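Step one of this worksheet: look at the structure below.
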Amino acid sequence: MSLNKRINFVIPVEIKPGVTVYVHSTPIGEEVFESYFKVLAKAFTEMYAGGYSAISGPRIAKLLIKQISTDAGIWEGKNGVNAGLLGEIHRLTNVVAPTNGKGWGVTPYEDYLNQSIFDSDDVSEIENALCYFTLASVMHKKAELRQILDEAGSLWGARTELLDCMGLKDFLLTSTQAESIGEKAKVSSIPS
């Protein structure tokens, strides 16, 4: 299931006026997919059978996963979907953010959640988009994946990315460094 060039997902989030951070996530691995394949397959099927395509899927994917696993009695617990699958999605997600005059830094997504840096609306949008990315990444054919995710991203402000998290940080550092004389630089678009 591993892609030769792993497609990652990047969600820009404005945490306060003029300050945008980038939530960067990589797909789950084969072992995690095998542990939760039934929930993932049911959520994927429910999403499309219910008409929740790229237009609404990124807004409800986590809710579908939670509902399906709660109904099956496997949402809670040490190996439950919340701790296992969602925990792994969180582990594979980082936030690339501007630092106090020192360029860009990388922080685990969990730290942002624990420190309540994102408001509840942001968390809902991010979590659902990350779950949609996960469903698309493990269920769609590789040949379809980039198009599906780009379509969803264009509607929700996210994008696919071949850069890993550190590559994104380095890109943001170099793309804003030349502009940083005088007024605060605005981040240009992220390369594909």
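The values are calculated or read from the model by the stated rules, or taken from the named source; none is laboratory data. Note that the structure is a prediction, hence the values are computed from the model and not measured. All Cβ positions, even for glycine, are placed from backbone atoms using ideal geometry, and neighbour counts span all protein chains on display.
Here are some notes:
- Matching residues in region 88-123 - criterion: being assigned to a helix (DSSP H, G or I) and either surrounded by 15 or more Cβ atoms within 10 Å (Cβ to Cβ) or of a type in the set (D, E, K, R) (or both): Glu88, Ile89, His90, Arg91, Tyr109, Glu110, Asp111, Tyr112, Leu113, Asp121, Asp122, Val123
- Subset of region 1-19 (residues that are more than 22 Å from Glu151 (Cα to Cα), touching a residue at least 12 places away in the same chain (Cβ under 8 Å) and either loosely packed, with under 15 Cβ neighbours inside 10 Å or out of contact with any helix residue (DSSP H, G or I) (no Cβ under 9 Å at 6 or more places or on another chain) (or both)): Gly18, Val19
- When Val21, Val32 are checked against the criterion of being part of a strand (DSSP E or B) and among the hydrophobic types (A, V, I, L, M, F, W, C), Val21 stands alone in meeting it.
- Region 157-192, subset part of a helix (DSSP H, G or I) and at pLDDT below 75, residue farthest from Val13 (Cα to Cα): Gln177
- Index of the failed condition, Glu46 passing every other in (1) out of contact with any Leu (no Cβ under 8 Å at 6 or more places or on another chain); (2) over 30 Å from Gly101 (Cβ atoms); (3) of a type in the set (Asp, Glu): (1)
- Asp111 being more than 12 Å from the chain's Cα centre (by Cα), at negative phi and modelled with pLDDT of 80 or more: yes
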